[in-house]
1. Among the candidates 42, 47, 82, single out the residue that is in contact with a Leu (Cβ under 6 Å, 6 or more places away or on another chain), touching a residue at least 40 places away in the same chain (Cβ under 8 Å) and either open to solvent by less than 80 Å² (accessible area, probe 1.4 Å) or outside any loop (DSSP other than H, G, I, E, B) (or both).
2. Being over 23 Å from residue 45 (Cα atoms) and either surrounded by 14 or more Cβ atoms within 10 Å (Cβ to Cβ) or among the basic types (Lys, Arg) (or both) is the filter here, so list the residues in the stretch 1-20 that pass it.
3. Would you mention how many residues in the stretch 600-636 are under 21 Å from residue 554 (Cα atoms), modelled with pLDDT of 65 or more and among the acidic types (Asp, Glu)?
4. Out of the residues in the stretch 252-299 that are on the phi > 0 side of the Ramachandran plot and more than 11 Å from the chain's Cα centre (by Cα), which is most open to solvent (accessible area, probe 1.4 Å)?
5. Counting just the residues of the stretch 619-660 that are charged (D, E, K, R) and closer than 22 Å to residue 561 by Cα, which one comes out most open to solvent (accessible area, probe 1.4 Å)?
6. Can you tell me which residues in the stretch 552-562 are open to solvent by less than 90 Å² (accessible area, probe 1.4 Å) and not β-branched (Val, Ile, Thr)?
7. For a quick check of your reading of the model, give me the residue pairs whose first member lies in the stretch 398-415 and is surrounded by fewer than 16 Cβ atoms within 10 Å (Cβ to Cβ), whose second is of a type in the set (S, T, N, Q), with beta-carbon atoms closer than 6 Å and at least 6 apart or on different chains.
8. Residue check, residue 38 against (1) touching a Ser or Thr at 6+ places or on another chain (Cβ under 8 Å); (2) more than 29 Å from residue 238 (Cα to Cα), all met but one. Which one?
Amino acid sequence: ATTELGKLMCANLKPMTEEADILNAQDQTQDALTRIYKRGNVSFFGVSDLSPSLARLKMRGTLGTGELLDIARVLESVKNAVSYGVRMEDDLEADSLDELFESLVPLDDLLHEIRRCIISEEEISDDASSTLKHIRRAMKQTNQKIHTQLTTLVSSASNQDKLQDAIVTMRNGRYCIPVKQEYRSSFQGMIHDQSASGNTLFIEPMSVVTLNNELKELEGKEQSEIEHILSILSEQASYGVDDLAHNQKTLVLLDFIFAKAKYAKDIDASKPIFREDGIINIKQGCHPLLDKKVVPINVSLGKDFSMLIVTGPNTGGKTVSLKTVGLLSLMGQAGLHIPAFQGSSLGIFREIFADIGDEQSIEQNLSTFSSHMTNIVSIVQQAHRDSLVLLDELCGGTDPIEGAALAISILSDLHGRGIKTMATTHYSELKMFALSTDDIENASCEFDVETLRPTYRLLIGIPGKSNAFAISKRLGLQEYILSAAKEFISRDEARFEDVITDLEISKKSVKFEQERAEEYRREAEELKKEVERQKEKTREQKEKILAKAREDAKQLYVQAKEEADRIIKEMNKQAKEANNRTKALEQRQKLNEKLSSMQQDFLKSKKVKPNHKAPENLKPGDRVYVISFDQNGEVLTAPDKNKEVMVQMGIMKMKVPMAE
């Protein structure tokens, strides 16, 4: 955050429990992040706490230069924020921040007056008022007179031996000259000070006393005028005291919102989804306080199972996984984006209970087990369906048999009450408990036996192994000792560990095949896209060719129609003149021959090759489309021996090949 008040809001940030409040805070963070990516950061530098000054203004008090400059800085931030908040042409929709930006009140006149009158906390501008300008001009002239007289005095040859130094100095706000003690009587004036040794007296010569008095009087007038100017500015500010209070509150809130957005950008976070069913589904989530090299985890809770039991060796990442789920849930409910992939979902919990870490207390004489159990008792008593419970190394630090039994009992109680729970443990009994109970799932943090290092990947659906024997063997423990150790493990336990090993191997194999299948899917998707592109390209080329052919056909049709009209006119003329039916029939025959000839010429010139299936068994009355003329028509006759049919197209009757 930029401002101190904004930093205070960040420090006091708390998770919320009302869905509307959470969603609004998330929208604000998202909209601020979008604006940062599109327009860059916005600064709220200079926004300080105006509350004391505004309280004085309400009481008609006069503010000092520093307080008025603080108001000016706030108003300058308002001006910048208003400019930043103006909606751009490419902003299609309003966002949750528009109302905040639009509610800011610039108060430009007040800002202009403060900046015109006040140069700095120590300096008022000469142009603040005509009276102040006149006073300062008079002060300057008086100063020049004083300096002129004193410079003449100290420069006089007759006074060189009588002065300690040929300089003019200030004592008690009066101009003086340093006179040697023995020449005191040589200078008429007032003594204002003497040196520590007493050898030098600082005397104000009588010739400049009057001028110094005038200067003092002018300085008093200057101070009075400055106070008058500050009172006028304060009065002007008092008229906008409510707007100033609103501006400060809004700017601090915007600073806080943009601080959340900048943090989201820094940790590459995304906006979580809050589902009504409260399902947690974190995709590639990272612990927000670890560096960016942290291995992301996938965690789901609440859909297929409401309880997750994470097992495996120490330093494998179990506790980090637990904390990641808890912190991301708290971040989401506080209106912060979470360091996880887009589309991750969180639940809205009334409380999040956690028992994590070693809280052994020497002062209270509590063991590690007792300390944890004190927390767990409190959690079991307070938790309900709208809670999330996180338990680290549940019932550890005590007898394994009793601890495992207690842990199963506690988890059974939480599970029976429908409380979403995530727990880590070393107890093998809890692995079997999860395998044998509906709505409870095992998980483990993967461990690479070859490198003796954890991978920190969370594997849901597989219980973890302690890997004690494998690790010991890799470190060089003799085989006969390992064999003897295995004898102490019951056959059922050994078989269970073997099942776990097989599950881990199967999981890796399945994951490898899934990755290969995903790779093939991506390749197939790319090929499909390429085929679609080629198909679209071919379709466009085909459309262009057909469009050109249709245009040519239309031109031919127009020519034919014009020719037909001409012949019909000629026929009508001849019929009227000679009433010669025979000639009319001859002209009609010529017309048909002409049209057929034009059609054949067109087909030859365009070299049209049929690319469709020609209709069969045409009969009179069938509707057809004639390609070469780009016209719909009706069949008048059945196909003849040349596979041609007579087609009526508007006023034309034409013999058309079946292929057309």
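1. When all the criteria are applied, what remains is 47.
2. 14, 15, 16
3. Step one: list which residues in the stretch 600-636 are under 21 Å from residue 554 (Cα atoms), which gives 600-612, 623-635.
Then keep just the ones that are modelled with pLDDT of 65 or more; that gives 611-612, 623-635.
Filter again for among the acidic types (Asp, Glu), leaving 630, 634.
Residues meeting the conditions: 2.
4. Among them, the one singled out is 284.
5. Among residues in the stretch 619-660 that are charged (D, E, K, R) and closer than 22 Å to residue 561 by Cα, the one most open to solvent (accessible area, probe 1.4 Å) is 623.
6. Within the stretch 552-562, 552, 553, 556, 557, 560, 561 qualify.
7. So the pair list comes out empty.
8. Just one mismatch for residue 38, condition (1).
The values are calculated or read from the model by the stated rules, or taken from the named source; none is laboratory data. As the structure is a computational prediction, the values presented were derived from the model and not from experiment. Note that we place each Cβ from the backbone using ideal geometry, even for glycine, and neighbour counts take in every protein chain shown. Surface accessibility is based on the protein's heavy atoms, side chains included, excluding ligands, DNA and RNA. Shrake-Rupley method; radii C 1.70, N 1.55, O 1.52, S 1.80 Å.
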